[in-house]
1. Could you run through region A:169-195 and say how many residues are buried (at least 18 other Cβ atoms within 10 Å of the Cβ) and either more than 26 Å from residue B:73 (Cα to Cα) or under 32 Å from the mean Cα position of the chain (by Cα) (or both)?
2. Find all pairs meeting these conditions: Cβ atoms under 9 angstrom apart; at least six residues apart or on different chains; first residue within region A:156-173 and within 14 Å of chain B (Cβ to nearest Cβ); second residue in a helix (DSSP H, G or I) and aromatic (Phe, Trp, Tyr).
3. Looking only at region B:53-63, decide whether some residue is at positive phi and at pLDDT 90 or above.
4. So, in region B:94-115, how many residues would count as being away from every other protein chain (no Cβ under 12 Å), more than 21 Å from residue B:134 (Cβ to Cβ) and under 22 Å from the mean Cα position of the chain (by Cα)?
5. Within region A:110-119, is there a residue that is surrounded by fewer than 14 Cβ atoms within 10 Å (Cβ to Cβ), within 13 Å of chain B (Cβ to nearest Cβ) and out of contact with any Lys or Arg (no Cβ under 8 Å at 6 or more places or on another chain)?
6. Being touching a residue at least 24 places away in the same chain (Cβ under 8 Å), among the β-branched types (Val, Ile, Thr) and under 30 Å from residue A:90 (Cβ atoms) narrows it down to one residue among A:223, A:263, A:195; which is it?
7. Read through the list (1) modelled with pLDDT under 90; (2) facing chain B (nearest Cβ under 8 Å), then give the number of the only condition that residue A:184 fails.
8. Among the numbered criteria (1) in a loop (DSSP other than H, G, I, E, B); (2) within 12 Å of chain A (Cβ to nearest Cβ); (3) without any contact (Cβ under 8 Å) to a residue 60 or more places away in the chain, which single criterion is violated by residue B:157?
Amino acid sequence: MKEKLIEKGLLIVALSALGSLLLIALFIFIEGMPLIVKVGLKDFIASTHWAPTRGSFGILPMILGSLAVTLLALIFGGGLGLAGTMFLAEFAPRWSVRILKPLIELLAGIPSVVYGFMGVVVLVPWIRQTFGGPGFSVLAAGIILGIMILPTVIAISLDALNAVPLSYKEGSLALGATRWQTLYRVQFRAARSGIIASLILAMGRAVGETMAVIMVAGNALLIPTSPLAPVRTLTSNIALEMGYAAGDHQRALFATGVVLFVIIAVLNTIALLTMRERK
Amino acid sequence: MPEKISARGLNVAVHGSPVLRDISLSVMANEILAIIGPAHSGKTTFLRCINRLIENQPGFVRTGELLLDNRDVRQWDIDTLRRRVGMIFATPIPLPGTIFDNVAYGPRLKGVRNMRRLAEIVEKSLRAAFLWDEVKDRLFSSALRLSGGQQQRLCIARTLAVEPEVVMMDEPCSGLDPISTAQIEQAMRELKQSYTFILVTNNVKQAARVSDRTAFFLSGELVELGPTAQIFTAPRDKRTDDYVSGRIG
């Protein structure tokens, strides 16, 4: 009897997580879809003019902004993360892995506003002085996001790499391959699906990040033409304008949320499918 | 016949506990030397010392001499050493990729890029391992779809493609059915002309069937080494007699 109660209780708790996800999705769609229908999907995502108080709802600059920032983050964070993963998996002495891995995972626990703060205080002035421009830029957001996605990339791809059977490695070494050849020809190949999944999840995280990006990206409503140009992302747009939006303007922000929701759902599904591919 | 590999007073300990004690033995060129003995008698460790895979294991200490062509294995460049001394493992482990990729792996590492040259090597190696006829129509399908016996012959082909001088086999037939085992043994007998074999096996009868000489390891010591016929019919040591006749181990 008591068992049953606990079981049911836990089930309700578990379902409530799922339920809130469904409610959020439902809410965003109910609030956002009518505007997309009214403006037309094409005009909404392909028009460059965003003046919601005057009836223009084009979010193309924001979509491109999100893509640009995410791409840069993937280049920085993905490259650095995979290099770090290789080092931790194969070349680092064991005692250092025991210290380094938890430290890297700790990066995930730092609030994003702290990253943003570091960006404003250190990175933005540095970019302004070194490369010119306002400093608040695609580049700044890309670098900050790149650091923020490091723990996702490293934790998941390191697990994937460590899950490759030792026998693969020894089989390759026994054929006269060097450690490096073995790593990239055999171990990386065997762990490929997990590594790709880590990059896609990291991408999802980069697309969704808001606070740190608002603080360093400059938030100008322009299609970015250079890495040094300021940019506004989809998430920044919602966060910046939600405070004073009303009527169609507010619904347009929810519609922006719909677009984000779809992008992230697609990314996560791809990540799940690639991970499942691994037998 | 010249000595291909010789151990003199070889001792190995892992984290302070001895695994091999004072091993002295020679492997002659173009012979099949079988190493038999119960589990944990150091057979595999001996092989892993020769191609230095054991160096990946932390806490390992080796003393004494272990020579390939009269030069200590530690003085060889490690990649050269491993190309000259190939190893087949107990569990066949095709690398991820196609059958062709598996066999071409070693040659590609050596820098062979020419597709026609690679195809020649792949065919020659697969023929030598008696696998060609079974896979010639599906060289570009996944190696993981082969049966266990085919996978093990694929691993042999992969090793031969590197053109080693010595082939070490660590219980190559432990997971295989009798027909696959017979095919692998036949391959060994044919290949003996051009290679030197060290065969570690738990299967005493297999040692008797294919090897020229047999060494008996027990608890990290070499108990007896002699012509296979003598080891199986007139062993000098009582422990060897007990083992080959099935009373211990």
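1. Filtering region A:169-195 for residues buried (at least 18 other Cβ atoms within 10 Å of the Cβ) gives A:169-177, A:182-183, A:185-188, A:190-191, A:194-195.
When the remaining residues are screened for being either more than 26 Å from residue B:73 (Cα to Cα) or under 32 Å from the mean Cα position of the chain (by Cα) (or both), the result is A:169, A:182-183, A:185-188, A:190-191, A:194-195.
Count: 11.
2. Taking only residues 6 or more apart or on different chains, the pairs are A:161/A:188; A:164/A:188; A:172/B:105.
3. Within region B:53-63, not a single residue is at positive phi and at pLDDT 90 or above.
4. 0
5. There is no residue in region A:110-119 that is surrounded by fewer than 14 Cβ atoms within 10 Å (Cβ to Cβ), within 13 Å of chain B (Cβ to nearest Cβ) and out of contact with any Lys or Arg (no Cβ under 8 Å at 6 or more places or on another chain).
6. Working: A:223 fails: under 30 Å from residue A:90 (Cβ atoms); A:263 fails: under 30 Å from residue A:90 (Cβ atoms).
So the residue among A:223, A:263, A:195 that is touching a residue at least 24 places away in the same chain (Cβ under 8 Å), among the β-branched types (Val, Ile, Thr) and under 30 Å from residue A:90 (Cβ atoms) is A:195.
7. (2)
8. Here residue B:157 clears every test but (1).
The values are calculated or read from the model by the stated rules, or taken from the named source; none is laboratory data. Since the model is a prediction, treat every value here as computed from it, not as a measurement. Heads up, the Cβs are rebuilt from the backbone with ideal geometry, glycines too, and the neighbour counts pull from every protein chain shown.
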